[in-house]
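Trainee: First the structure, which I've put down as structure tokens, then a few questions once you've had a look.
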Amino acid sequence: MNCSDCKEKLDRYLDRELSNTEMLELQLHLEGCPPCTDNYEFQASLKRLVKVCCEQDKAPDALREKLRQILT
Amino acid sequence: MAESPPQTAFAEEALTHLDTLYRGALRLTRDPDSAQDLVQEAYLRALRYQHSYQPGTNMKAWLFAIMRNLFWDRFKGSRKEDVSLDDVGEFVLYDKLRDEGAKPEADVLDKLAASEVVAAVEKLPPLHREVVLLGDVEGFSYRDAAQTLGVPIRTAMSRLHRARQQLQKSLYDYALESGIVRANGTKEVPNE
């Protein structure tokens, strides 16, 4: 695998959507390629950032209680 | 055919996904009151059609599909308009920061305000926003995201890829405007 292949498959690696073989190939490439490892770590951090920022909102307690009464 | 689960058990399980549905509704409607109305309507519809839910399958995805279908019905008149994203090309924030000498690139992420990250998500057209919510926020697999959205897996993957590019462009623009980075390199911004 070269850097171009790695870049092309990075999204699916981050999303855990590669086959086992592809995943191992990509991991091997990352182990020997600091620039691709930096890129991977950046993309992983960005994905975590989006998740953490968007997960801060919780359903209001009043809505939860209202739904509980309606549904049960 | 499997029997329908008791309503109470169904409701209890459904309510464990309330935060996910509310967050999704909030991001889609961008209004807390509308989000609550949408979520309530989604749960009522889920209760009405609980016989169509297969126990043991992904209830979160099932509920999210009901909610987002209602969103498109109520707020968009079922027209999933093909709102095109800005043509940002293959915009990769990491490459952009590296080219401009912003080292280490990850430090820039630490300086982005959470509200700006959420704003960047909310700026995406709804068809792209929802796939980011499913893939990046709720951790859906491509298959579950595609089923929830009623599209082929390749379409979900393509939308997610394009949405991420647009998201990264929006964050880069914000970083430039707020002085976190300069076009020719990083600018020192003290951490809070």
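The values are calculated or read from the model by the stated rules, or taken from the named source; none is laboratory data. A quick note: this is a predicted structure, and the numbers were derived from the prediction, not measured. As a convention, Cβ positions derive from the backbone with ideal geometry for all residues, glycine included, and neighbour counts pool all protein chains shown. In case anyone asks, the SASA skips ligands and DNA or RNA and just uses the protein heavy atoms, side chains included. Shrake-Rupley method; radii C 1.70, N 1.55, O 1.52, S 1.80 Å.
Trainee: List the residues of segment B:104-148 for which accessible area in the full set of protein chains is at least 50 Å² lower than for the chain on its own; 1.4 Å probe, protein heavy atoms only.
Mentor: B:Leu109, B:Val117, B:Asp136, B:Val137, B:Tyr142
Trainee: Now for a different question. May I ask you to derive the FRET efficiency for B:Thr57 and B:Ser158 from their Cβ-Cβ distance with R0 = 25 Å, giving the value to the nearest 0.05?
Mentor: Numbers: r = 25 Å, r/R0 = 1.01.
Calculated value: 0.50.
Trainee: Of A:Ser19, A:Leu46, A:Pro35, whose Cα points farthest to the positive end of the dipole of segment A:3-71 (charges on the beta-carbon: +1 Lys, Arg; -1 Asp, Glu; origin at the Cα centre)?
Mentor: The residue sitting most towards the positive pole is A:Leu46.
Trainee: Under a crude label model (7 Å from the Cα following the beta-carbon direction), how far is B:Arg182 from B:Asp95 in nanometres?
Mentor: Reported label-point gap for B:Arg182 and B:Asp95 is 2.5 nm.
Trainee: What are the ³J(HN,Hα) couplings of segment A:61-71, residue after residue, when phi is run through the Karplus curve with 6.51, -1.76, 1.60 and θ = phi - 60°? Round to Hz, x for glycine and proline.
Mentor: Going residue by residue, I get 4, 4, 5, 4, 5, 4, 5, 4, 5, 5, 8 Hz, with x marking Gly and Pro.
Trainee: Largest first, how would B:Arg74, B:Arg68 line up by accessible area (1.4 Å probe)? Can you show the working numbers first?
Mentor: Numbers: B:Arg74 140, B:Arg68 5 Å².
Result of the area sort, largest leading: B:Arg74, B:Arg68.
Trainee: Another question about this same structure. Can you give the accessible area per residue of the protein assembly as shown, in Å², using a 1.4 Å probe? Intermediate values should be presented prior to the final figure.
Mentor: Values: 13630 Å² over 264 residues.
I get 52 Å² per residue for this part.
Trainee: Kindly list the residues of segment A:28-42 that lie in the label zone of A:Asp5, defined by a backbone N under 20 Å from the point 7 Å along the Cα-to-C-beta vector.
Mentor: Only A:28-41 fall inside the zone, counting backbone N under 20 Å.
Trainee: Hey, what number do you get for the protein assembly as shown at 222 nm if only DSSP H runs of n ≥ 4 count, each worth -39500 (n - 2.57), divided across all residues, to the nearest 500? Walk me through the intermediate numbers first.
Mentor: On the way: 14 runs with 176 residues, N = 264.
Dividing the helical sum by the residues of the protein assembly as shown leaves -21000 deg cm²/dmol.
Trainee: Could you sort out which of A:Lys9/B:Lys96; A:Lys51/B:Lys123; A:Lys66/B:Lys123; B:Lys60/B:Lys169; A:Lys58/B:Lys60; B:Lys60/B:Lys111 sit more than 27 Å apart by Cα distance in this structure? Intermediate results must be reported in sequence, preceding the final value.
Mentor: Details: A:Lys9/B:Lys96 19 Å; A:Lys51/B:Lys123 16 Å; A:Lys66/B:Lys123 31 Å; B:Lys60/B:Lys169 30 Å; A:Lys58/B:Lys60 16 Å; B:Lys60/B:Lys111 33 Å.
Violating the 27 Å limit, Cα to Cα: A:Lys66/B:Lys123; B:Lys60/B:Lys169; B:Lys60/B:Lys111.
Trainee: Still on this structure, please answer the following. What distance in nm lies between label points placed 7 Å from Cα along the C-beta direction at B:Arg30 and B:Asp173?
Mentor: 1.2 nm
Trainee: Order B:Val121, A:Val52 by their accessible area, 1.4 angstrom probe, all chains in place, largest first.
Mentor: On the way: B:Val121 0, A:Val52 85 Å².
Listed by decreasing accessible area, they come as A:Val52, B:Val121.
Trainee: Just grab the label-to-label distance for B:Ala113 and A:Arg16, each label 7 Å out from Cα along the Cβ direction, in nm (one decimal).
Mentor: Taking the two extended label points, one gets 3.4 nm.
Trainee: For segment B:17-61, which residues drop by 50 square angstrom or more in accessible area between the chain on its own and all protein chains together (1.4 Å probe)?
Mentor: Residues shielded by partner chains are B:Leu18, B:Asp19, B:Tyr22, B:Arg23, B:Gln36, B:Gln40.
Trainee: Going toward the positive end of the dipole of the protein assembly as shown, with +1 on Lys and Arg Cβ and -1 on Asp and Glu Cβ, which of B:Leu15, B:Ala114, B:Gly179 do you reach last?
Mentor: Positive-end residue among those listed: B:Leu15.
Trainee: Would you work out the charge dipole size for segment B:93-186 about its Cα centre, treating the Cβ of every Lys and Arg as +1 and the Cβ of every Asp and Glu as -1, and quote it to the nearest 20 debye?
Mentor: Values: 13 positive and 14 negative charges, 70 e Å.
Value, rounded to 20: 340 debye.
Trainee: OK, next. Just to make sure I understand: if all protein chains stay in place, what is the order of B:Thr8, B:Thr29 by accessible area at 1.4 Å, largest first?
Mentor: Greatest to least solvent exposure: B:Thr8, B:Thr29.
Trainee: What figure, in Å² to the nearest 10, do you get for the accessible area of A:Ser45 with a 1.4 Å probe and non-protein molecules left out?
Mentor: Using a 1.4 Å probe on the heavy atoms, I get roughly 30 Å².
Trainee: At a 1.4 Å probe radius, carbon and sulfur cover how many percent of the accessible area of the protein assembly as shown?
Mentor: Working: 6420 of 13630 Å².
Carbon plus sulfur share of accessible area: 47 percent.
Trainee: Ignoring ligands, DNA and RNA and using a 1.4 Å probe, state the total buried accessible area between A and B in Å², rounded to the nearest 100. Numbers along the way, then the final one.
Mentor: Numbers: alone 6070 and 11040 Å², together 13630 Å².
Rounded to the nearest hundred, the buried surface is 3500 Å².
Trainee: Okay, moving on. Name the long-range amide H neighbours of A:Ala59: under 5 Å, sequence gap of 5 or more, or other chain; modelled H, no Pro or chain starts.
Mentor: Residues meeting the criterion, in which the H sits 1.01 Å from N, are B:Asp19.
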